[in-house]
1. Find the Cα radius of gyration of the protein assembly as shown, compare it with 2.2 N^0.38 Å by division, and give the number to two decimals.
2. Where nothing but the Cβ of Lys and Arg (+1) and of Asp and Glu (-1) is charged, how large is the charge dipole of the protein assembly as shown around its Cα centre, in debye to the nearest 20?
3. Taking the Cα centre of the range A:39-198 as the origin, how large is its charge dipole in debye, to the nearest 20, when only Lys and Arg (+1) and Asp and Glu (-1) carry charge on their Cβ atoms?
4. In the range A:249-320, which trypsin sites (Lys or Arg not before Pro) are in a loop and have at most 16 other Cβ atoms within 10 Å, using DSSP for the loop call?
5. Can you work out ³J(HN,Hα) from phi for every residue in the range A:358-372, in order, using Karplus 6.51 cos²θ - 1.76 cosθ + 1.60 and θ = phi - 60°, giving whole Hz and x for Gly and Pro?
6. Within 10 Å of each Cβ in peptide A:100-113, how many partner chain Cβ atoms are there on average? Round it to a whole number, please.
7. Tell me, what is the FRET efficiency for A:Arg179 and B:Asp132 to the nearest 0.05, using R0 = 41 angstrom and their Cβ-Cβ distance as r?
8. Using the beta-carbon distance between A:Gln341 and B:Ile143 and R0 = 56 Å, what value does 1/(1 + (r/R0)^6) give for FRET efficiency, to the nearest 0.05?
Amino acid sequence: MSAKFLEKDILLEIEDLQIQGYSEETWIDIIKGVNLTLHRGEVLGLIGESGAGKSTIGAAAMGYARDGTRISGGRIEFDGIELTTATESDKRSLRGSRIAYVAQSAAASFNPAHKIIDQHTEAPVQYRIQKRLEAQEDAMKLYEQLRLPNPNEIGFRYPHQVSGGQLQRAMTAMAMSCRPDLIIFDEPTTALDVTTQIEVLAAIRDIVDQYNTAAIYITHDLAVVAQMADTIKVLLKGEEVEQASTVEMLENPQEDYTKSLWAVRSFKRPQKARPKDGTEPIISVKNIDAAYTGGVKVLDDVSFDIYPGMTVAVVGESGSGKSTTARCITGLLPPMAGEIQFKGDTLPPKYTDRSKDQLRQAQMIYQMADTALNPKVQINEIIGRPAQFYSGLKGTALKQRVDELLDLIELEPSKYYYRYPPELSGGQKQRIGIARALAAEPEFIICDEVTSALDQLVAEGILKLLDRLQRDLGLAYMFITHDLATVRSIADEVVVMQNGKVVEQGPKDKMFTPPHHPYTDLLLSSVPEMDPNWLTTLLEERGVDNIGEKADV
Amino acid sequence: MGGLLNLVLKRLGLGLITLLVVSILIFFAVELLPGDTAEQILGQGATEETVAALREQLGLNRPWYVRYLDWLSGAVVGDFGVSALSGEPVMDVIGGRFVNTLFLAAYAAVLAVPLAITLGVIVALLRNTVFDRVANVLTLTSISSPEFFLGYILILFLAVKNPFFPAIASLSDGMSLGELLNRTFLPALTLVLVVTAHMMRMTRAAIINLLASPYIEMARLKGVSPWRVIVRHALPNAWAPIINVVALNLAYLITGVVLVEVVFVYPGIGQALVDAVAKRNFPVVQAASLIFAATFILLNLAADVGAILTNPRLRHPK
């Protein structure tokens, strides 16, 4: 504990907290005795993989147990009030007024039926802290402090009329509405682009500082927590691994698990260069324009080549046209102009006009393995269907092929053959997604943000697997991502997209050394680094007023 | 809002096409019935010649498409031909009865819809409590009992044993509204009992469905009271499915009330339809069927528009 915080300023004290979740007709422990002390004005970073219980602890700090969970033991004392024994209405009167919550997805956490400012003023009006009009004026003031554009007007919009980064700031403003003593930030920037993330991080840090609000900052991103927290606590499967001040934790982690978290970003494979013997590119995107029905142009003259056995990373913010390009290549969205060539032959624009052999060449692996796999279909069928469809395999030959594919993705065939997707972990599901793509025996695979929904350790496993498969099977990847750390570790070439245009492309080593295109520069410099002073330095370099301009597009 | 008007017009156009298809089906379904109006009017003793002469006179010997178009062009302006039995225009026979049916349906709806939605909100709030279970069992019981049975039970307890309301809902001209409401209370109550359960359960389900949403959790973590969470945060997002069920039930109130009309001797269109079928009064059957179809289509259209209007994404485009 740093000397900055005094014993008498303790705001929240959690002792031996135990929480159980109801699953398969029994109560199982999900939080197994966690202690936590938070002083006024202190920011505590809670870090760990998904399933570590970070959010559960965050909710418990408000005396709240999510549906299907219960607080089964321990003490939670907030400013002298024992929350585990307090009545429901006592706890309710703390929420929103003295302890506030900022959720991961602001888009899902704002009620779509009401204007933003009406949701903002709900708590202060309900607690009779302010009259409605006063609360509205205060909201506008907070919007201004959080550097939202048009602070006097933006609140009167509905949530769907405002961008994700702006909503996240509006939600932080809402949490501030009653000037609480404590705010729980539950992965507030995880769903945002790097450029937008900076905006929100800077806004949160400023406002927390300004009102001396204590905060629990929950995240799985170490670099982010390093910017925000005074103290970091590492969690693993409902138990505390270690806790230390931010600087100490970064420089000198004690436990092996913490060290492994710190080391994750180290995976790198050697960069390959384009073949020089005149080999044709396997996929060639030539000057394509595209738009969704009745909409504006989302792709504008996009061109790039992917050579056999190489990984081309396509990076850019959400909405830059990365996934749309993938849809054009697969034929799901016929381009308005331009063409897609496979080994020099032009592919029909619509997938319905392509032959089986052309179809098999463009396989996809999706971001959300959860939704990309049918939960009611067994693994053998999920992988077996493309094998059957493209290669006409049947009976034992089919079974053999499925076993082979399961071997390839390092899942024991006998164990997983008859399983259903919900019985698998996130990483295993993503592996099944890979096997399904491989079943078609393609030479080219589109990986659409395949690791962004996974924890860092698991993601690294997937990247290693993809790398091995590439070497063994000579695959070419189009790797869509917004995570530049991933690009650093696996890409051979990089294509940077912005607003439907390719702004820069080239070999990775060139792309990562200056001089850059200004947009590439913005993307690169926005990736959080482990240095706790990174955000401060960056904000000084860019100037406070400029950080968000790109992000609000 | 231009987009919205467009959408409504499009739906209205689709509704008209549906109605046209239904009109063809109705026309031919009636054609398929054995015998025709001429035979029916003249009875069994008629000779071939007289029947043929009457057919000629009524235009029944023309080809089907001519008769269909003739009928359709009349129907568009509200002229469904003349009743085969009395010779009066069909609209005179069923027009007043249709108004009566609408009145009864509206009466029942005004009672049932607010009741069902309020009950639905309350049981969603008190879900899995005794009140929830009791409300469920009671409404399920009422929906599972045949209407005529419910009607007779109500007559027994509210008209015969305790004469609060008249058992027969006969109407006469010049009745005051109060008198009218009193006379038709029992049939309306029967209908209320029949339709409430469905709407209440849908309201409950639609609200509970939303309670797992992040914005509901957000509201709870803002310290919003459970009652306000349901009414202000869940209900506004639950309207679409509720409106659909309400529309379906309103359509039922207009088109499915034959048994209730019979039990209470209420002069509605349902009874007229049954009479007409029994007596092969084809023009009346066709007219009543078409009116029912139009009612269904209009109510569904209203439900669609209602669902769109309650969606802020469509009301306030980016």
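1. Against the compact-globule rule of thumb, the ratio is 1.20.
2. 1360
3. On the way: 18 positive and 19 negative charges, 45 e Å.
About 220 debye.
4. Details: sites: A:Lys259, A:Arg265, A:Lys268, A:Lys272, A:Lys276, A:Lys286, A:Lys297; in loops: A:Lys268, A:Lys272, A:Lys276.
Qualifying residues, ordered by number: A:Lys268, A:Lys272, A:Lys276.
5. 6, 5, 5, 6, 10, 9, 10, 10, 9, 5, 9, 4, 4, 8, 7
6. Numbers: counts 3, 5, 2, 5, 1, 2, 3, 2, 5, 8, 3, 13, 7, 14.
So the per-residue partner count for this stretch is 5.
7. Details: r = 39 Å, r/R0 = 0.95.
The pair A:Arg179/B:Asp132 has a calculated efficiency of 0.60.
8. Values: r = 63 Å, r/R0 = 1.12.
Computed FRET efficiency for A:Gln341 and B:Ile143: 0.35.
Each reported figure results from applying straightforward, stated rules to the coordinates on display, with no laboratory input. In this text the structure is predicted, and so the values were computed from the model without any measurement. No Cβ is skipped: glycine too gets one built from the backbone with ideal geometry, and neighbour counts run over all protein chains shown.
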